[in-house]
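Written below as structure tokens is the structure these notes are about.
Values in this text are rule-based calculations from the coordinates and carry no lab data. Just so you know, these numbers come straight off a predicted model, no measurement behind them. We place every Cβ from the backbone using ideal geometry, glycine too, and count neighbours over all the protein chains shown.
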Amino acid sequence: MNENLKNLLIRLSKDHTLLNSVEEVAKQGAVLPVLSSLGWDCFNMQEVTPEFSVGNGRIDYCLRTNKKNAVFIEVKRASVELDRHEKQLLEYSFTHGVEIAILTNGLTWWFYLPLVAGDWQQRKFISIDIRQQKLETATDHFQEFLSKTSITEGTAVKSAKAVRKSREKNKLIKQTLPEAWEQLLGEPDEFLLEILADKVESICGYNPDPETLTKFIYEFKSTNTSLPQTLTASANTFPQQSVEPAGRMPARPSTRQRGISIVIGKETINATTVGDLYLQALKYICDNNYITNAEEQIPYATSARRFLISRKPVHQRGNEFRVPIEYNGFYMETHKSYESALKQLEDFLKVCGLKMKNTSYI
């Protein structure tokens, strides 16, 4: 186990600024430290070549061993959809005979075998997400497929080709499905809520609010402790009891008819809905000029699919904010449960130089 790399990944997994930073921050703060921990000499331009020329374009980094181009790495900011850049990276890699290509935002790393047959997705052999995967697993994957030793000796490519064909990959996917299902039901994210809301609306014509959806998911989970048969068949064990993650505010019945009270700076905000909460918070941030501390990180992403705040009410993939509020030229997405709304607002307030205190339902 590469302990230096593991400790680095622990730090990066907790660094929220990477999710909302420009590409240079991802390069300097994540990519180069990871490469250094894997044995690459980042100060040797013949080994780690930045801005590598590929005809009419450039690749962010080319890793070279034995005087040959071995790995192309393209870095994007976290709020950019990585899949939009697959084709160009793999075309460059294929043209230059590079056997491993990587597309990353510093947090998510997609690994490809550009020279094998198949479409772009079929050439991806592994994905590492240092925020979601077990850090021991992520460390082992980096060591196996990107360390200087594994690249130089050729074992990285051999292992990658074996993984692509191996039944172990499918076995691991099946074993992980129960855990992924458990996490989705345990902490329903915005994307899951959005899909469920769209389906409900398509059936009955009415769009449910996030609190109703969250309450339904929690109740469904508490009364349905068993997984679908196709999932249980591929897992040896599955937790029979749901456990609330530490620090979570419990789901409350009829929260739309309740309210929330928070303190930001010297301001106490009493709100009856998420939209009301966000509008009051945004007014305080703008009117007291705290917004200037965060402007470089706006649009501010909560995931690779959704923004919390932006100058246009449009998410990364071009879909409009579902329930936006606007103040002073800034838009916030309010289609959230109270739980998600509070957590994301607290994170954004830290960027603004503020703290959120004394959160309570009223």
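What the table shows:
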quantity	calculated
Region 1-96: relative contact order in percent, alpha carbon pairs under 8 Å with at least 6 residues between	23
Within a Gaussian network of the chain (alpha carbon springs, distance under 10 Å), most fluctuating of Leu18, Leu172, Leu63	Leu172
Residue with peak Gaussian network fluctuation, the chain [Cα springs, cutoff 10 Å], from Ile325, Ile173, Ile126	Ile173
Mean-position separation - Cα centroids, region 142-171 and region 310-362, in angstrom	41
Pairwise centroid distance, computed over Cα atoms, of region 70-135 with region 13-66, Å	13
Relative contact order of the chain, pairs being alpha-carbon contacts under 8 Å that are 6 or more residues apart, as %	13
Region 34-83: chymotrypsin sites (Phe, Trp or Tyr not before Pro) in DSSP loop, at most 15 other beta carbons within 10 Å	Phe43
Cα-based helix-to-principal-axis angle, 167-186 vs the chain, degrees rounded to 10	20
Helical contribution to [θ] at 222 nm, DSSP H n ≥ 4, -39,500 (n - 2.57), averaged over the chain, rounded to 500	-12000 deg cm²/dmol
For the chain, convex hull volume per residue from C-alpha positions, Å³	168
Restraint check, Lys87/Lys134; Lys68/Lys174; Lys312/Lys343; Lys6/Lys171, Cα-Cα greater than 31 Å	Lys68/Lys174
